[in-house]
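Step one of this worksheet: look at the structure below.
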Amino acid sequence: MNFLITGATGFVGSALCQLLEHSEHTVYGVVRSDAVLPPSVTPILVSSIAELDDHPILPQIDVVIHLAARVHQMNDTAADPLSEFRAVNTEATKSLAIAAATAGVKRFVYLSSIKVNGDGQASPYTERSTPQPADAYGISKWEAECALNEIAATTDLEIVILRPPLVYGAGVKANFLNLMNLVKTGIPLPLGGIHNQRSLVYVGNLVDAIVTCATHPQAAGQTFLVSDSTDVSTPELVRKISESMRKPVRLMPISPVILTNLARILGKTATLDRLFGSLTIDSSKLRQTLNWQPPFTLEQGLEQTARGFQDTH
């Protein structure tokens, strides 16, 4: 099969290209510059995703794997964040899917986000949970999903949607990287009093699921939640990271109330929500429908993540 991957040089895209490097599939990676791709991946140079709408490569493609997105911004400086997210995550996705359908592409795999469901609830999210996006990023992803399903209803294009939670792996950025940096310092961390549960997905597991969704006949028209299938509390995660990094860690049982008040004073409530809050998902539909199992355990994923962190730090 011929795959076209947008966002091919991103965190997930790079891992996907590596996974497909020795596969039987022909892979084209969409890039904005002379980026380094595996030798087996043919670069498709564009200045924006919009250029793909009438690109001559589309009629040759069997599966579009759409990873390119405007990602969640912790300190967004855009005057109208929702409009910025919609332009990239909703409108560009819709336009590409229409072009793919017109060109005769068979399947369109879209990497969405668990943010479509919300920021967490008492019970695990499932595919049957009512979408309740709480921020501009989640709204733009949900609107993209709706547009894709509308396109599928009126064309022959098969849509497959994946909603991952926090993705980690070698080269991870943002909050996960910050947590690893804190563990590296060896300073005592006031996280011992947190009692939450979080679902995560190792990038190696995510890209394996993406390939399965691109090729499995039963994936057509489905939305799947994907995770490592092992949930952890923030203290447990820190301990596992420290073990993977071979670094001792001290967790102090500071009251969450004290930390919440301090975070409010410092303007860091969003960061604290991610450390304190619970967000779990039930990924059994993906495992049962496509007979998929995560190829890596949480511990193996963290080991690879720690190795990549130590190699670059």
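The values are calculated or read from the model by the stated rules, or taken from the named source; none is laboratory data. These numbers were taken from a predicted model, which means no experiment stands behind them. Note: ideal-geometry Cβ built from the backbone for every residue, glycine included; neighbour counts use all protein chains shown.
Laid out as a table, the results:
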item: All positions within region 194-239 that are of a type in the set (S, T, N, Q), without any contact (Cβ under 8 Å) to a residue 60 or more places away in the chain and either touching a helix residue (DSSP H, G or I) at 6+ places or on another chain (Cβ under 9 Å) or under 28 Å from A97 (Cβ atoms) (or both); result: T234
item: Enumerated helices (runs of 4 or more DSSP H) restricted to region 1-116, each holding at least 3 residues that are closer than 23 Å to F224 by Cβ, of a type in the set (D, E) and in contact (Cβ under 8 Å) with a residue 60 or more places away in the chain; result: none
item: Pick from region 240-262, criterion of a type in the set (S, T, N, Q) and in contact with a helix residue (DSSP H, G or I) (Cβ under 7 Å, 6 or more places away or on another chain), ranking: modelled with the lowest pLDDT; result: T260
item: Region 287-298 residues that are under 13 Å from V211 (Cα atoms) and without any contact (Cβ under 8 Å) to a residue 24 or more places away in the chain, paired with ones that are hydrophobic (A, V, I, L, M, F, W, C) and loosely packed, with under 14 Cβ neighbours inside 10 Å (beta carbon under 7 Å, 6 or more apart); result: none
item: Number of the condition not met by Y125 [criteria: (1) more than 30 Å from L251 (Cα to Cα); (2) in contact with a Leu (Cβ under 9 Å, 6 or more places away or on another chain)]; result: (1)
item: Residue match in region 153-172 (condition: in a helix (DSSP H, G or I), over 14 Å from the mean Cα position of the chain (by Cα) and either within 28 Å of P256 (Cα to Cα) or modelled with pLDDT of 95 or more (or both)); result: yes
item: Residue list for region 173-186, filter: part of a helix (DSSP H, G or I) and either exposed (fewer than 15 other Cβ atoms within 10 Å of the Cβ) or not basic (K, R) (or both); result: A174, N175, F176, L177, N178, L179, M180, N181, L182, V183, T185
item: Failed item in (1) β-branched (V, I, T); (2) in a helix (DSSP H, G or I); (3) within 23 Å of L111 (Cα to Cα), with V201 passing the rest; result: (2)
item: Enumeration of residues in region 250-303 that are assigned to a strand (DSSP E or B), in contact with a Gly (Cβ under 8 Å, 6 or more places away or on another chain) and either β-branched (V, I, T) or closer than 19 Å to S113 by Cα (or both); result: L279
item: Region 125-140 - residue that is in contact (Cβ under 8 Å) with a residue 60 or more places away in the chain and within 10 Å of D282 (Cβ to Cβ) and, of those, surrounded by the fewest Cβ atoms within 10 Å (Cβ to Cβ); result: T126
item: Some residue of region 94-105 being of a type in the set (G, A, S) and closer than 27 Å to Y202 by Cβ; result: no
item: Selection status of L16, crowded, with 21+ Cβ neighbours inside 10 Å and farther than 29 Å from I139 by Cα; result: no
